[in-house]
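Accompanying notes for the structure given below.
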Amino acid sequence: SLIALLDDDDIWLPDKLAIQQRYLDENPACDAVQSAAWAFFTHKPDELWGFDRPSPLTLAAALTGECTVIPASLVARKELFQRLGSFDERFRLHEERDFEIRLAAAGYRLQAIPEPLVRFRRQSHGNLSSRWINRLVWDAKLFWKHRALYSRAYGWRGTVNYIASGLYRAGKYVRIIGGIFQLVGGALKSEWRTRPGYRDPVLTGTD
């Protein structure tokens with residue numbers, strides 16, 4: 001059995017489920033699969049949101065926040081949700097990032113199809129995304145929940161990088177001092193390098 005997700009303002013493209021079901025049938029070691037997506041807006045053309053990330057998604061990559069899953073594109077085996085649970089309802093923002101971190105930390109394999117199979121609405125979301133204070137608060141909550149994983153994978157550099165990335169992203173939504181946020185975040189941020197001897201649970205089959 002499979003479980004697929006669809007928000008009420010997103011759109012599945014034709015044959016989406018059939019394509020992903022076939023992929024999972026042909027790749028029994030894969031626990032879940034997502035796809036690229038067309039992001040659509042009110043006042044500008046659609047954008048193709050593709051994938052520049054490892055497949056399967058590693059825990060190290062999930063922790064960077066640069067590989068966020070698009071829920072409407074996700075199809076997973078039912079057993080994954082039974083064992084892992086669904087999205088953490090305590091998160092009003094970053095719930096998909098929290099989910100993919102938990103998924104990877106448990107050793108599940110999330111792979112990606114480069115073909116766009118959904119249309120993902122990116123309009124009328126200002127109630128959360130445009131509030132930079134909210135973003136920083138939920139960034140902090142996400143980090144605190146998974147702080148042991150950040151330490152395990154990246155050590156103290158993981159903390160610095162996370163703070164820098166949060167400042168940089170928040171700067172996009174601040175009109176007056178946003179440039180300062182992005183300047184500080186860009187100066188603090190360094191390459192995400194895992195600690196010596198780090199073993200990723202997705203690649204080693206351990207948690």
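The table below lists the values:
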item: Hits in region 85-116 (condition: part of a helix (DSSP H, G or I) and of a type in the set (K, R)); result: R97, R102
item: Sole residue being open to solvent by 10 Å² or more (accessible area, probe 1.4 Å), without any contact (Cβ under 8 Å) to a residue 24 or more places away in the chain and closer than 20 Å to D9 by Cα, chosen from F143, F87; result: F87
item: Where a residue in region 1-18 is closer than 22 Å to F81 by Cβ and its partner, wherever it lies, is open to solvent by 70 Å² or more (accessible area, probe 1.4 Å) and among the charged types (D, E, K, R), with Cβ under 8 Å and at least six apart; result: S1/K78; L2/K78; I3/K78
item: Count - residues of region 1-27 that are among the charged types (D, E, K, R), under 19 Å from the mean Cα position of the chain (by Cα) and open to solvent by 60 Å² or more (accessible area, probe 1.4 Å); result: 1
item: So G185, is it open to solvent by less than 40 Å² (accessible area, probe 1.4 Å), more than 19 Å from the chain's Cα centre (by Cα) and at pLDDT below 75; result: yes
item: Matching residues in region 32-46 - criterion: being of a type outside the set (K, R) and either more than 17 Å from I70 (Cβ to Cβ) or without any contact (Cβ under 8 Å) to a residue 12 or more places away in the chain (or both); result: T42, H43, P45
item: Scope region 90-118; condition open to solvent by 50 Å² or more (accessible area, probe 1.4 Å), out of contact with any Cys (no Cβ under 6 Å at 6 or more places or on another chain) and either in contact (Cβ under 8 Å) with a residue 40 or more places away in the chain or over 23 Å from D200 (Cα atoms) (or both); matching residues; result: R90, R92, P114, E115
item: Region 145-162, residues that are under 18 Å from A106 (Cα atoms) and in a helix (DSSP H, G or I); result: K145, R147, A148, L149, Y150, S151, R152, A153, Y154
item: Residue in region 28-84 that is most open to solvent (accessible area, probe 1.4 Å), counting only those that are modelled with pLDDT of 90 or more and part of a loop (DSSP other than H, G, I, E, B); result: P28
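The values are calculated or read from the model by the stated rules, or taken from the named source; none is laboratory data. Source: prediction; values computed, not measured. Ideal geometry is used to build each Cβ from the backbone, glycine not excepted, and the neighbour counts take in all protein chains shown. Protein only, heavy atoms only, side chains kept; ligands, DNA and RNA dropped before computing areas. Shrake-Rupley method; radii C 1.70, N 1.55, O 1.52, S 1.80 Å.
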